[in-house]
Amino acid sequence: MNKEQFPQWNLKRAKEFYNISIWSEGYYDINEVGHIIACPDSMTKIDLMDVKDELIKQGISLPVLIRFPQILNARLKELSDAFENAALNCNYAIDHIPFYPIKVNQQKTVLEHILTSDVSSIGLEVGSKTELLAALSLLNYSDGLLVCNGYKDRAYVRLALYAHMMGIQVYIVIENLSEIDLIQKECSDLEIEPLLGVRVRLSSMASGNWQNSGGKHAKFGLDANDLVKLLKRLNASNCVHWLSVLHFHMGSQISDLTDIKLGLSEAMRVYHELYAQDFSISCIDVGGGLAVDYSSLQDTSYFSKAYSLKDYAQIIIKTVGDYCENNKLPLPKIFTENGRAITAHHAVLITNVIEQDGADEHEAVSDKSVECSITQTLKEQIKSNKTINEKELASYHKQINQQFIVGEIGLNQRAHLEELLQKCASDLKVTAKYYANFSLFQSMPDTWGLDQIFPIVPLNRLNEEPQVPARIHDLTCDSDGQVSLYAYDHQLKPNLQLHVLREGEQYLLGFFMLGAYQEILGDIHNLFGDTHAVNVEKLDQDELLFTNFEIGDCVNELLTRVHISESDVLAKCKAKLNEMKTENEVQDTVLNEIKNALFGYTYLDSMNRPAHRIKD
Ligand code: PLP
């Protein structure tokens, strides 16, 4: 074996092997005992195995979504500092205000931490009436900032105008031409002058999975023709001064910075044209799109990025500043609506592997007494120490199956042949199946919907070399409930290298970077519900602080979602037990167990405790 090709296993190698330095941006690491730690700031290190142990002690079973609110704060601060430094470096007095797009993660605890972060001025971006009401429950009415995107009906416009009346600085962004009539009518009824933005449909396009198509086929924004019409209407009704924000959004997870520069250059031309027509736009909203490196490939592929957060801020400030300087235009403020880059890192799902299949020697169970032609061939192979390749393995499997189908061999013989075959193929790294206690559809739906890659790393035993090429399967009865693409060792592979499970010892996995979009897109396939979730921080004396416990859905809640009630189940069972004339004691036992199951966690729960009574 070549040592350079297979470097010696140690903690440094483990960190490199699972690409931790790249995807984690410094927020996760490995400690000296080979456990994954979270590093929300330079002073704090939180061992995820300690978190798990403490949660189990408190009666919270796996899977659990762990949130590190300090990471949200750190990401926001990084973004804000990057814009401040870029403005200083480029010598342009351009202010930046981040607006957090709440669609990315609307959980109250996430919004609260974002609004109380160390960044002095931060707003929210909403895209529907419901999101607007969520924002109204949390924004400060004396200095809150709000961007209202999305298609609007009268109720949406009214809510936005009431928020304006109550002191929030609300920018209502026109997404299509018809909205201006609605806004003008409601403003005239309420005698209010609003702050308006206009979303323009750029022709410049970014590549990727979530990009808005440009030009005629784009879903959002006004094209040149509609923009001219809008400007005319505002002019005709003496409302030119209402328009203060020029908005565009090229899409999410833009992996190539040149795409962002191209879109912004096109937007600057629009800014110039508006200025020439006496529209004094004071803010340019560049939307979201700042990418994170899920795959650690550090390139322009869909799940990666080829730039840093600093590069992102620098290119925006420089493009805007240079254009304004060259064309003698006033410098606008920059609004950003980055969500993924703020929230992705802060949440990790931790869970246990419940079973492995194909990673260890099969227990010898078969009847060796009956010989057949294949038995002989395989025995000779083993005797002469010959191994078989993948093609031969597949061909033997086919032959065995054919003999089984026509009845030439029985079940015991088949098991014996498969044992022999496994011995002959011992040099082949066959992918093992690792069954984990989670639902892919609920906790990482983009893996299913978009083949998205998320970093997955064992939480412990990282001081031991992982020897098993494995594929992770979830609990759902669906063949799609498996992760089929993994990023590690600087490559994409169809399996992930994991450790052999040990008898009596839990093997834990962390599914990282789940903080953006996954929670809200999650779906209840097979009626697996929300997992437990908790915020974790560390106090000065190394003590873990758990806050905002959100107890996961219990079985009964999931049944209610499909309009089946607890009483439907109990009444039906009770009637049948009565009909069978079951003894009272037995009836009570059966009905109590059914009740317990109705109030239990939807995931595998060795503690078998009612999900909702854990904290009692
Ligand atoms: N702003 C708008 C209008 C969006 O549609 C989106 C999402 O696609 C965002 C902001 C957030 O984008 P990201 O999460 O990539 O930053």
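The values are calculated or read from the model by the stated rules, or taken from the named source; none is laboratory data. Please read these numbers as outputs of a predicted model, since none were measured by experiment. Counting neighbours? That spans all protein chains shown, and the Cβs are built from the backbone with ideal geometry, glycine included.
Here are the numbers for the structure shown:
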{"quantity": "Among (1) surrounded by fewer than 24 Cβ atoms within 10 Å (Cβ to Cβ); (2) at pLDDT 95 or above; (3) of a type outside the set (Gly, Ala, Ser); (4) within 16 Å of the ligand (Cβ to nearest atom), the one test that TYR302 misses", "calculated": "(2)"}
{"quantity": "Selected residue (only one of LEU521, LEU558 is of a type outside the set (Ser, Thr, Tyr), within 16 Å of the ligand (Cβ to nearest atom) and in contact (Cβ under 8 Å) with a residue 24 or more places away in the chain)", "calculated": "LEU521"}
{"quantity": "Lone unmet requirement of (1) surrounded by fewer than 23 Cβ atoms within 10 Å (Cβ to Cβ); (2) of a type in the set (Val, Ile, Thr); (3) within 12 Å of the ligand (Cβ to nearest atom) for ILE281", "calculated": "(3)"}
{"quantity": "Residues satisfying the stated conditions in the stretch 181-227, i.e. more than 16 Å from the ligand (Cβ to nearest atom), surrounded by fewer than 16 Cβ atoms within 10 Å (Cβ to Cβ) and at pLDDT 75 or above", "calculated": "ASP181, LYS185, SER188, ASP189, LEU190, GLU191, ILE192, GLU193, SER203, ALA224, ASN225"}
{"quantity": "Given (1) within 16 Å of the ligand (Cβ to nearest atom); (2) among the β-branched types (Val, Ile, Thr); (3) at pLDDT below 85, number of the condition THR336 does not satisfy", "calculated": "(3)"}
{"quantity": "Helices (runs of 4 or more DSSP H) wholly inside the stretch 375-466 containing at least 1 residues that are over 30 Å from VAL292 (Cβ atoms) and of a type in the set (Val, Ile, Thr)", "calculated": "390-405"}
{"quantity": "Identity of the residue in the stretch 343-357, out of contact with any Asp or Glu (no Cβ under 9 Å at 6 or more places or on another chain) and among the aliphatic types (A, V, I, L, M), that ends up nearest to the ligand (Cβ to nearest atom)", "calculated": "ALA344"}
{"quantity": "Filter pass, ASP259 being within 16 Å of the ligand (Cβ to nearest atom) and either buried (at least 20 other Cβ atoms within 10 Å of the Cβ) or in a loop (DSSP other than H, G, I, E, B) (or both)", "calculated": "yes"}
{"quantity": "Pairs where the first residue, in the stretch 249-262, is under 14 Å from LYS318 (Cβ atoms) and among the aromatic types (Phe, Trp, Tyr) and the second is modelled with pLDDT of 95 or more and within 14 Å of the ligand (Cβ to nearest atom), C-beta under 8 Å, 6+ apart", "calculated": "none"}
{"quantity": "Given (1) within 15 Å of the ligand (Cβ to nearest atom); (2) in contact with a helix residue (DSSP H, G or I) (Cβ under 6 Å, 6 or more places away or on another chain); (3) in contact (Cβ under 8 Å) with a residue 40 or more places away in the chain, index of the condition LEU132 fails", "calculated": "(3)"}
